[in-house]
Amino acid sequence: FREDGFLVLEHFFTAEECDSMRNQIQKIVAEMEVPPHCRTEFSTKEDEQLQAQGSSDYFLTSGDKIRFFFEKGVLDEKGNFLIPKEKSVSKIGHALHAYDPVFKQITHSSKVQELGRKLGLERPVVVQSMYIFKQPGIGGEVTPHQDATFLHTEPLGRVLGFWIALEDATQENGCLWFIPGSHTSGITRRMVRAPSGTSTCVEFVGSEPGYDDSQFIPLPISKGGLILIHGEVVHKSELNSSESSRHVFTFHVMEAKDTSWSKDNWLQPTPELPFPSLYT
């Protein structure tokens, strides 16, 4: 992990644990009520990101709530669904770990806590969580990025992603790709809250360098596998053009000891939900 910036742990969670998360998300989607004006399409392309999430309080205030984001092209101009809503969801975030009993139990499970201790985390807190669907045929690509662009700390190196495959993640359905060792050169771009009165509520500072495609290696992983992701390692995933989905539950942890969370980050702890300790 220290050398590459990521670590693959196959079969970290059982099939039963994966199925319990998938069953729970089905219930959440079945009960999903999103007013049309709040329906935003999720994208990682910078201009689309600013347009969709950046102009949306729905995104900006989702850190302490369970909210819904949709794939591109599934909504008409009025925000009505063009396909069944359960096939249109891109991701659900960002506080499943706090408010849903199944995801809370997984996030704080004894094996996750034990892993945190093995990694030397002294005061880890959970900053956000997401369920990602990567829908068959339309699951959008995630362009190369570093998580610390969005979750910035002083000093850097204090954010860690836990990425759990709830079904097999293959090259066909959009597994993750990494540039090994790319977590050692800092970051060149940040997404920050924009000053009030600007047309978008977030903006990018700096720019993402061009990455050489040949440097990326694919990380297929089977159901129940866990990938640990260093906050500065460069990673991406391709469009899912296959007929199978690629469901994932992922959450980010920050080592809170001697660390300050940037006040410019889009995501902020709130009085209702301070970042909970990973260790219970």
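Quick look at the numbers
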{"read-out": "Only listed residue being under 26 Å from residue 272 (Cβ atoms) and either assigned to a helix (DSSP H, G or I) or not hydroxyl-bearing (Ser, Thr, Tyr) (or both), chosen from 195, 136, 144", "value": "195"}
{"read-out": "Count of residues meeting criterion [open to solvent by 30 Å² or more (accessible area, probe 1.4 Å) and under 28 Å from residue 205 (Cβ atoms)] in the range 240-258", "value": "2"}
{"read-out": "Test: residue in the range 228-237 that is among the hydroxyl-bearing types (Ser, Thr, Tyr), out of contact with any helix residue (DSSP H, G or I) (no Cβ under 7 Å at 6 or more places or on another chain) and surrounded by 21 or more Cβ atoms within 10 Å (Cβ to Cβ)", "value": "yes"}
{"read-out": "Filter result for residue 261 (surrounded by 15 or more Cβ atoms within 10 Å (Cβ to Cβ) and under 16 Å from residue 125 (Cβ atoms))", "value": "yes"}
{"read-out": "Every residue from the range 147-165 that is assigned to a strand (DSSP E or B) and over 13 Å from the mean Cα position of the chain (by Cα)", "value": "153, 154"}
{"read-out": "Whichever residue in the range 2-14 is open to solvent by 50 Å² or more (accessible area, probe 1.4 Å) and either of a type outside the set (D, E, K, R) or in contact with a Leu (Cβ under 6 Å, 6 or more places away or on another chain) (or both) and, among such residues, is farthest from residue 222 (Cα to Cα)", "value": "7"}
{"read-out": "Members of the range 264-280 found to be buried (at least 20 other Cβ atoms within 10 Å of the Cβ) and more than 17 Å from residue 62 (Cα to Cα), listed by number", "value": "278"}
{"read-out": "Of residues in the range 237-279 being of a type in the set (D, E, K, R) and farther than 30 Å from residue 217 by Cβ, the one modelled with the lowest pLDDT", "value": "272"}
{"read-out": "Filtered residue count, the range 186-217, keeping only those that are more than 25 Å from residue 59 (Cα to Cα), out of contact with any Ser or Thr (no Cβ under 9 Å at 6 or more places or on another chain), exposed (fewer than 14 other Cβ atoms within 10 Å of the Cβ) and touching a residue at least 12 places away in the same chain (Cβ under 8 Å)", "value": "2"}
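The values are calculated or read from the model by the stated rules, or taken from the named source; none is laboratory data. Since the model is a prediction, treat every value here as computed from it, not as a measurement. Glycine also receives a Cβ, built like all others from the backbone with ideal geometry; neighbour counts cover every protein chain displayed. To get the accessible areas, we keep the full protein, side chains included, count just its heavy atoms, and leave off ligands, DNA and RNA. Shrake-Rupley method; radii C 1.70, N 1.55, O 1.52, S 1.80 Å.
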